[in-house]
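The values are calculated or read from the model by the stated rules, or taken from the named source; none is laboratory data. Since this is a predicted model, take the numbers as computed values, not measurements. Cβ sites come from the backbone with ideal geometry, for glycine too, and all protein chains shown count toward neighbours. Just the protein is used for accessible areas: all its heavy atoms, side chains included, with ligands, DNA and RNA removed. Shrake-Rupley method; radii C 1.70, N 1.55, O 1.52, S 1.80 Å.
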Amino acid sequence: MKVSREQAALNRERIVDVAARLFREKGYDGIGVADLMKNAGLTHGGFYGHFASKEDLMIEACQHALHKSLEGWRAKVASDPQRALPAIIDSYLTTRHRDQPGTGCPAAAMGVDVARMSPGARPAFAQATRQQFALLEGLLPDGRPEERRQQAIATFAAMVGAMVLARSVDDEALSAEILEAVKAQLLPD
């Protein structure tokens, strides 16, 4: 049965949305095409009508997740520009974010997978990372532009690194300590 163009577009959007969540939860190698399609409520056979490969889906899912992440940060800036940076850091370095990678930061959840994929996956990731740096840079109050950029890069790298480490250890207390230690460094009293 042939589906309409509108339905095909909706199906593709659903596949990308589900893949963005599942790749962040399970990693690229942790989920197969059949399970991705099942989670999207579609048959495995329809996958190749939308994507040439699983890697192509990963690239699009990564772009989707990165866009959503930036939207969330921009919403914080729009709601309270003066408190946006502390709000971003405070909401990022939480056990809730740690425990819900499927809805969290793509850099912390998919960065290692993207680094191991073909070069085609990297441009979208690099572009979104540049946008995140620029957003953070714009929130930093003091210093020359190059100093603010350096601080923005260090801030984001610390946040992502803390999240990766917090998710990697098997000790709940140590995991929480990692998040709190980095938060304390980034948000001094």
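Atom-type composition of the exposed protein surface of segment 123-178 places 56 percent of the accessible area on carbon and sulfur (1.4 angstrom probe). Bridging of Lys183 to aspartates and glutamates at a Cα separation below 12 Å is possible for Asp90, once same-chain residues fewer than 8 apart are set aside. Distance between the C-alpha centres of segment 63-109 and segment 121-170: 12 Å, rounded to the whole angstrom. Determine one quarter of the surface area of the Cα convex hull of the chain, which equals its mean projected area, and express it in nm² to one decimal. One quarter of the hull surface, i.e. the mean projection, equals 12.3 nm². Solvent-accessible area assigned to carbon and sulfur over segment 40-122 amounts to 52 percent, based on a 1.4 Å probe. Each Lys or Arg adds one and each Asp or Glu subtracts one; over the other residues with Cβ under 12 Å from the Cβ of Ile59, this totals -2. For Ala109, the shell of other residues with beta-carbons less than 9 Å away shows a net charge of 0, using +1 for Lys and Arg and -1 for Asp and Glu. The residues of segment 130-169 present an accessible area of 54 Å² per residue when probed at 1.4 Å with all protein chains retained.
Note that segment 13-68 presents 48 Å² accessible area per residue, ligands and nucleic acids not counted, probe 1.4 Å.
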